[in-house]
Amino acid sequence: MASRFDVVQDAESRDTYYLNMGPQHPSTHGVLRLKLHLDGETILSVDPVIGYGHRAHEKMAENRDYLQFLPNPSRVDYISGMIYNIGYCQAIERAMGIEVPERAEYIRVIANELNRISSHLLWLGTFLLDLGAFTPFLYAFDDREKILDILDRVTGSRLTYCYGRFGGVTLDVDDLFLQQTAEFCTHFKTRFALYEELVIDNVIFQERTVGVGVFEPDLIQKYGVSGPCLRAMGQANDVRKDEPYGIYDRFDFDIPTQMAGDCFVRSLVRMDEMRQSVRIVEQAVKDIPDGPFIAPKVPKRIRPAEGEYHFCVESARGNFGIYIVSDGSDIPFRLKMRTPSFANMATMPDVMKGTLLSDAVAILGSIDIVVPEIDR
Amino acid sequence: MAFVKDILDGTKTLLTGMKVTLNNFRKPSITSKYPIEKIEMSEAFRNVIVLIEKDDIQSHDCIGCKACERVCPSFCIDVDGERPEGMRRMRATEFKVDFALCSDCGLCLDVCPTDTLGYSKIHDETGYNRSDFVYDLLDPWRDAEGPTVERLRKLEEEQAAAKKARTVKKAAAKKAAAKKAETETSKETTEETPTNKNDAENNDA
Amino acid sequence: MSLLANIDGVRETTDIDHSAQGFHHLHVITLDALVPVTQTFFDNGFYLEMMTCQDRREADGIFRLVYQFCTMSTPQRHLVHLDIDPTTSAPSIAHIFPASDWLEREVFDMYGVGFDNHPDLKRILMPEAYPDGAHPLLKDFVDPESKGEADGQSV
Amino acid sequence: MPSNILHFFDNFWLAIGATIAIVMAYLSVNAIMLIWLERKLAARIQRRIGPTRGPFGLVQQIFDMVKLFSKELITPDHVNRVLYLIAPVMIFAPVMALCTLFPISATWVFHDYSVAVVLLLAISGVNILAIFFAGWGSNNKYALLGAVRAVAQNISYEIPLILSIIPIVMMANSLSLYGIADAQTGVPYVLLQPIAAIIFIISATAETNRAPFDIPEAESELVAGFHTEYSGMRFGMFFFAEYSNMIIVCGLATVLFLGGWKGPYLPGPVWFFIKVYALIILMMWFRWTFPRLRFDQLMKFAWMVLVPLALINLLITTFVLKLI
C-alpha cells in the first residue's frame, strides 16, 4: 500500500474503534454505509455495506415484458439515466435486429453526451461539496440546469429519462433544440476556465486530492475497474472506442488518460471527458440528417430468439453491461445489469486502507458512485 | 526558496479563486423565486396523463380498449369501456390513473390507437395521501358525456348515411359506367350482381 | 479456442457471433474446472466483467452459474457456463478475482447458491436479517413479508 | 484616558447589569444579522437570491430564531448530562466577557485594562474547553472526533496568533487595546506589519473554526462535529458563539492592525464597525470560495508555514525596532 500514513499493524496494542459512516451521512451520496475501523483518524479497514437502495430491478425484469422494463434502466443510475435508457434500447435492438434510422442515432448520441456532461457536472459539484466547498456545486448546477432544460424540451423529463424506444426515440428534435445545444456547447467551453481557476488550480483542492486514494494498477484486473477511474490509471479504455455501439465510430474524439490514479487526476479525466463530449455533440449537431426518428417497422411483440445477449455501453461511470437471457418469450428469463459503480465500489477496502477519514470522503466523492446503481 | 515559492504560488491560486467568486458576486442571480414565480413547463413535459379533446368529436376519444392498461409497466391505469346502445364506437366508462405509481414512461401514449392521451401541465401538485394522486381522467368529460354520446350517435348515423350515399352514388356511377360499357360492347351483364351485393352488405352494416 | 484447450472439465467451447450477441466464446465447464479456468483467464490478462446465476431448476433441475471474462483492450468476451446441482455449492474464485467476492455474495443472496472458501459469505443487497431461505431471484420466490401471496404483479 | 462607560451609572451593580444587557442585545442582533449577511452574501456569490421573506429577506432570520427557540430541547439518553448541558452556556460566556474590552471610539470603552491583549487571549481559550465538553459529553464518535480536532486545531493556531500579535505589542509598546489603537497615528499597522496581519487573519479564521478551517464541524466528514447531538436553542448557542467569535477576532484585528476607531470624516464608532464588518465579509468570502483543508494539512500549515513565518517576522521587527 503506497500510503503516506503508516498503518499500525498490531491494532491490538492501540485503542482502535469502529465508526459507522452512513447509511445516513452527508457524503455517502445516498444510502451507503461504511463500517470504518479507525485508529485515531487513520483508517485500518473498511467494510462497505450496500443494499440500502435495493429496488429489485432484476426481479422486476423477470415479471415484465421487454417493453415494460423500459422505464427501469434510467432509474438504476438516475444521474446518467439517458445513457442507460438508450443502452437498454440498443441492447434489445441488437437482439431483435431492429434497424434504427440515422436521425434517431444522431439524436441518441447528442442526448447521451449531454447527459454525460450533466452527470460529470453533478459529480464536480458533489465532489467539491465533499471537500467542503459549496460554491462550485452551484456553478456546476447552473450549467447542468441548462442541459436539463434542453433535454426537458424533447424528452419531457429532467432526471429519469424514458426517451428511447425500440427503433428510435419518442419525440423528434426540432431546430430549436439543435440551436440550443450548439449555443450550450459554445457557452460551456467558456466555463472550463472558471472551473479550472476556482477548483482545479486551487492549492487547497490539490492538497486534498493529489496522491490521495491511489488505485494500484493491479486493481484493474482484480476488480474490473472501469470508466474515468480506469482512465485515470493510464488505460485508454472506453466502450465507445473499444466496441463502438450506435454510431460512435463516426465521431472524432479522444480518450483522455492520466497516469497517477489518484483523486486529482480522476478529476482531470472527467474535466477532459466533458470537453470530448462537447466535441462529439458539436459534430453530431452539425451532421444530423433529416429523416424519421423512429423505425417505421418495429415488431409488435419483442421476443428475442432464445439465447444470451450482452450489450455494454459507456456510462458516465464506466462500463455498463446488460446481460439478457431470453427463452424466446415476451419476458426476459434473466436480466442482469453489470453496473460500473459496483465494481468501482468493491475496490474501496483496498484503496481506503491507510488513508485518513477526510480522505475517505474525498475518495468516495472522486470515484463518483451512485449508490442506487450499486444496489440496483 | 522552493518553500517560499510554494507559498506564493498557492496564495496566487487562492486569490484567483477569490477573484472568480467576486466576479460572480457582481453578476445577477440566475435562479427564480419558484413558488412566487410560476414556471412554464415545456411542451413535452411529462406528468399525469389526460384525455385530449379531439376536434372532430368535441370530446375525448377514449374507446376503452385497455391497450394502455396492458402496456403500463407500473400497473397504474384502470380503464373500462362499453358500447353505448346502437353505436359502433366504444366509449370509456372508467379511466383512473394512480399517479403515485406512474413512472412517466409514456408507453401508454405510444400505444393509444386513437391518440387521445396526452400529458397535463400540472407540475406541483401535493397531497396528504397516496390516494390523493388517483386521478379520474373522465371527470372533466362526465357531465357532457350524455350529449356527447348523442352527438356521436348522430355523427355516426350521418357518417353511415353519407357512406351509404357514397356507396350508392359509387354503385350508380359504376352501374352507369357498366351500362355504358354494356351498350358500347353489348357483352355479358354479370358485373351488376357483385355491385348490388356490396351495396346490400353496406346497408346491413 | 486454444486458451482453455488443455484444461480437463471444459466440456464444450463454441464461438458466438459477437456482433449479434455480444460474446465471442462460450465455454461449458464442470465444477472441478472452474478454478483452473479462472486462473487461466487471470494469467492471460482477463478481468471478471460479470458473474451471475440462472435459476433453471424448473426446466433442467440446475442452477447455471454464468461467468463473463473480458480482456481490457480489444474486447474478447468469454462466457462460462457452470451448471450445478441445486443442493451443491460452487468453489469461490474470490482469491483470484477479488471482484467476485461481492458478486458471489450477490448470487448467494439472490439464489441461495453457496460458495466454498468464500472469505465472508453473507447477504449483500438484502438485509442481513432477511429470513433464511428467502432468495428473491428464485423463480418460485414468495415474499416472506407478504404472508404467502405471490410476489409482484403478474403480467 | 477614555471614559469608562461604567461611570455613566452611579450604582455599580446597575452598571454591570446595563453592560450585560447591552452586550447581550448587541450579540444577539449581531449574530442574527451576520447569519443574514452570510446567507445573502453566499447567495450573491452563488448567483442565487437567498432569503426572501420580508424586506431583503431580513424577516427570515426572525422566523429562524423563533423556530430555534420553539424547538424541543432533546437530551439524548447516553450523554454525560453535566458536560452536555454546560457546554452551550460555556461557549457563549467568554464571548460576552470579551465584548466589553474593545475601544469602540476614543471615548467609548466599557473598560480598559492595561493587559487587555493577554486577558483576551486567555479568556478566548475557554472556548476550546467548551467545545471539548460538548464533544466528550455528547458521547458520540463524530462529536468526539470533532472535539479532538477542535482542541488540536485551536491550540496549534493560538501560537501563530500570539506570535503575530507580539510585534504589534512591541511597536505600540502597550498591552492595552486602547493603547495599541491609539499608537497607530497616521499609518495603521497593517501596512507596517503585512505578514503579521496575514498570519493573524488566517489564524483567526482557524480559531473561529470557519471554512476553510472548519474541520471540527466538517459537515461532509463529521456530520456536524462537536455539536452533532445538540438540538434547538442549544445548537443555536453554538451557532451564536461562532458568529460572536467572529466579532471578537475581527474586532481584535481592527484594533491591532487597522487602527481601531481611527479614520477620516466619520465618527469613531462608525469607522470601528465598518472595519470589523469588512473583515467579517472577508472571512465569509473565504468560506464561500475555498474547499476545506485536511486535518493533518491544517496542522502542517500551522507548524511548518505560519509559525516559522511569524518567528521570522518577529525577529525582523525586533531588529528594526532596536535599530530605530
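The values are calculated or read from the model by the stated rules, or taken from the named source; none is laboratory data. These figures come from a predicted structure and were not determined experimentally. Cβ atoms come from the backbone with ideal geometry, glycine included; neighbour counts cover every protein chain shown. In case anyone asks, the SASA skips ligands and DNA or RNA and just uses the protein heavy atoms, side chains included. Shrake-Rupley method; radii C 1.70, N 1.55, O 1.52, S 1.80 Å.
Below are the figures for this structure:
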{"item": "Residues (open to solvent by less than 10 Å² (accessible area, probe 1.4 Å) and either under 10 Å from the mean Cα position of the chain (by Cα) or of a type in the set (Gly, Ala, Ser) (or both)) located in region C:64-78", "result": "C:Leu65, C:Val66, C:Tyr67, C:Gln68"}
{"item": "Pick from region C:93-139, criterion over 21 Å from A:Glu62 (Cα atoms) and not in a loop (DSSP other than H, G, I, E, B), ranking: most open to solvent (accessible area, probe 1.4 Å)", "result": "C:Asp116"}
{"item": "Options D:Ala143, D:Ala152: the member that is in a helix (DSSP H, G or I) and buried (at least 23 other Cβ atoms within 10 Å of the Cβ)", "result": "D:Ala143"}
{"item": "Helices (runs of 4 or more DSSP H) contained entirely in region D:186-274, each with at least 2 residues that are over 21 Å from D:Val118 (Cβ atoms) and open to solvent by less than 10 Å² (accessible area, probe 1.4 Å)", "result": "D:219-222, D:232-257"}
{"item": "Region A:31-75: number of residues that are within 14 Å of chain B (Cβ to nearest Cβ) and touching a His at 6+ places or on another chain (Cβ under 6 Å)", "result": "1"}
{"item": "Verdict on B:Asp56 being at pLDDT below 80, open to solvent by 50 Å² or more (accessible area, probe 1.4 Å) and more than 14 Å from every other protein chain (Cβ to nearest Cβ)", "result": "yes"}
{"item": "Of the criteria (1) within 14 Å of chain B (Cβ to nearest Cβ); (2) crowded, with 24+ Cβ neighbours inside 10 Å; (3) touching a strand residue (DSSP E or B) at 6+ places or on another chain (Cβ under 9 Å), which one A:Gly81 fails", "result": "(3)"}
{"item": "Residue under evaluation B:Thr148, criteria (1) among the polar types (S, T, N, Q); (2) at pLDDT 80 or above; (3) farther than 30 Å from B:Pro35 by Cβ, criterion not met", "result": "(2)"}
{"item": "Hits in region B:130-141 - residues which are open to solvent by 70 Å² or more (accessible area, probe 1.4 Å) and either in a strand (DSSP E or B) or under 14 Å from B:Val50 (Cβ atoms) (or both)", "result": "B:Asp139, B:Pro140"}
{"item": "Verdict on A:Glu373 being in a strand (DSSP E or B) and within 30 Å of D:Pro291 (Cβ to Cβ)", "result": "no"}
{"item": "Number of positions in region C:82-102 that are more than 9 Å from every other protein chain (Cβ to nearest Cβ) and either basic (Lys, Arg) or more than 15 Å from A:Gln221 (Cβ to Cβ) (or both)", "result": "11"}
{"item": "Unmet requirement for C:Met50, which otherwise passes all of (1) of a type outside the set (S, T, N, Q); (2) open to solvent by 10 Å² or more (accessible area, probe 1.4 Å); (3) at the interface with another protein chain (Cβ under 8 Å from one of its Cβ atoms)", "result": "(2)"}
{"item": "Odd one out for D:Glu38 among (1) at pLDDT 85 or above; (2) open to solvent by 40 Å² or more (accessible area, probe 1.4 Å)", "result": "(2)"}
{"item": "Hits in region A:121-137 (condition: more than 14 Å from chain D (Cβ to nearest Cβ) and either in contact with a Leu (Cβ under 6 Å, 6 or more places away or on another chain) or surrounded by fewer than 24 Cβ atoms within 10 Å (Cβ to Cβ) (or both))", "result": "A:Leu122"}
{"item": "Single match in B:Val79, B:Val20 (criterion: more than 8 Å from every other protein chain (Cβ to nearest Cβ) and open to solvent by less than 70 Å² (accessible area, probe 1.4 Å))", "result": "B:Val79"}
{"item": "Test: C:Ile7 is within 13 Å of chain A (Cβ to nearest Cβ) and either under 26 Å from A:Tyr245 (Cα atoms) or not in a strand (DSSP E or B) (or both)", "result": "no"}
{"item": "Matching helices (runs of 4 or more DSSP H) fully within region A:93-202 where at least 3 residues are within 17 Å of A:Asp77 (Cα to Cα) and in contact with an Asp or Glu (Cβ under 9 Å, 6 or more places away or on another chain)", "result": "A:102-130"}
{"item": "Filter result for B:Glu150 (more than 14 Å from chain A (Cβ to nearest Cβ), surrounded by 13 or more Cβ atoms within 10 Å (Cβ to Cβ) and part of a helix (DSSP H, G or I))", "result": "no"}
{"item": "Any hit, region D:130-138, residues being touching a helix residue (DSSP H, G or I) at 6+ places or on another chain (Cβ under 9 Å) and surrounded by fewer than 17 Cβ atoms within 10 Å (Cβ to Cβ)", "result": "no"}
{"item": "Single match in A:Asp330, A:Asp368 (criterion: crowded, with 24+ Cβ neighbours inside 10 Å, assigned to a loop (DSSP other than H, G, I, E, B) and of a type outside the set (Ser, Thr, Tyr))", "result": "A:Asp368"}
{"item": "Every residue from region A:239-288 that is part of a helix (DSSP H, G or I) and of a type in the set (Ser, Thr, Tyr)", "result": "A:Tyr248, A:Ser267, A:Ser277"}
